[in-house]
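Data block below; observations after.
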Amino acid sequence: MALRFTLDPQLTPVLRGQLVSLWTDVTNAGGAVGFVPPVGRADVAPEAERHYTAMSEGRAHMVAGFDGDRLAASTFLTFNTHRLMKHWAWLYTVMVDPALQGRGHGAELLQAAERAGRDLGLEGLKLSCRSGMGLEHFYARAGYKEVGRVPAAIRVAAGDDRDDITMWLPLT
Ligand SMILES: CC(C)(COP(=O)(O)OP(=O)(O)OC[C@H]1O[C@@H](n2cnc3c(N)ncnc32)[C@H](O)[C@@H]1OP(=O)(O)O)[C@@H](O)C(=O)NCCC(=O)NCCS
């Protein structure tokens with residue numbers, strides 16, 4: 001079943017709780033969304049709070065995918081503060097509920113984010129992902145191109161350094 005996607009859903013206490021649960025579950029299943037497992041809700045909640053603040057200040061937008069009333073996928077578009085880079089945004093925290101991965105929802109999420117970027121008048125989306133998980137291929141299937149790579153810039157653990165891969169999707 002396809003998810004229902006919404007740009008900037010109302011940040012109710014229920015949705016905030018669901019986002020923290022999703023982010024925690026995705027991380028603990030091995031996802032590359034800013035943390036290394038194991039994490040608890042208390043680790044993730046402050047980071048989610050920072051995104052809410054950015055949204056309330058108009059610096060970020062949330063793309064949310066719902067399975068019924070439940071948050072099943074999400075990502076954030078975050079604007080640049082630099083005055084010369086306001087025509088594109090960063091895509092952060094692309095994630096799908098571990099129980100629903102591998103069914104095309106990630107691709108739907110990227111399509112929804114692309115639509116959001118166009119609706120917001122942006123000319124490109126940029127993201128960073130770590131090597132060693134095939135993520136660059138996931139993004140390449142959605143039209144993103146690798147435009148940069150910093151070797152061993154992400155230290156997942158002692159002795160486990162990953163490249164920081166920059167991907168770019170033009171929206172023009
Ligand atoms: C990455 C993620 C969002 C993909 O979502 P998904 O629902 O599993 O992906 P989809 O089923 O939509 O896959 C779309 C396509 O990408 C490919 N793909 C997905 N994940 C892939 C991976 N890790 N490596 C290589 N290809 C991948 C699929 O095979 C599919 O290809 P196809 O079009 O030829 O069939 C999801 O696995 C996830 O949430 N991972 C944990 C969080 C994470 O690491 N996010 C990345 C942040 S940079």
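Since every read-out is calculated from the coordinates, none of them should be taken as a lab result. On a predicted model such as this, the values are computed, not experimentally measured, just so you know. In this analysis, Cβ positions are derived from the backbone assuming ideal geometry, glycine residues included, and neighbour counts consider all displayed protein chains.
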Review point. Are there GluC sites (Glu not before Pro) in segment 1-80 that DSSP puts in a loop and that have at most 14 other Cβ atoms within 10 Å, and which ones?
Key: GLU57
Review point. To the nearest 500 deg cm²/dmol, what mean residue ellipticity at 222 nm is calculated for the chain from DSSP H runs of n ≥ 4 alone, each contributing -39,500 (n - 2.57), summed and divided by the residues?
Key: -10000 deg cm²/dmol
Practice item. Measure of size requested: the Rg and Dmax of segment 88-128, with Cα atoms as the atom set and Å as the unit; please supply both. Key: 11.3, 33
Study note, to complete from the structure: With the 8 Å Cα cutoff and a minimum separation of six or more residues, the chain has a relative contact order in percent of 18
Study note, to complete from the structure: Counting every C-alpha pair in segment 114-168, the percent lying more than 18 Å apart is 39
Review point. How big is segment 2-108 on each of its three principal axes, counting only the C-alpha atoms and giving the largest first in Å?
Key: 40, 30, 25
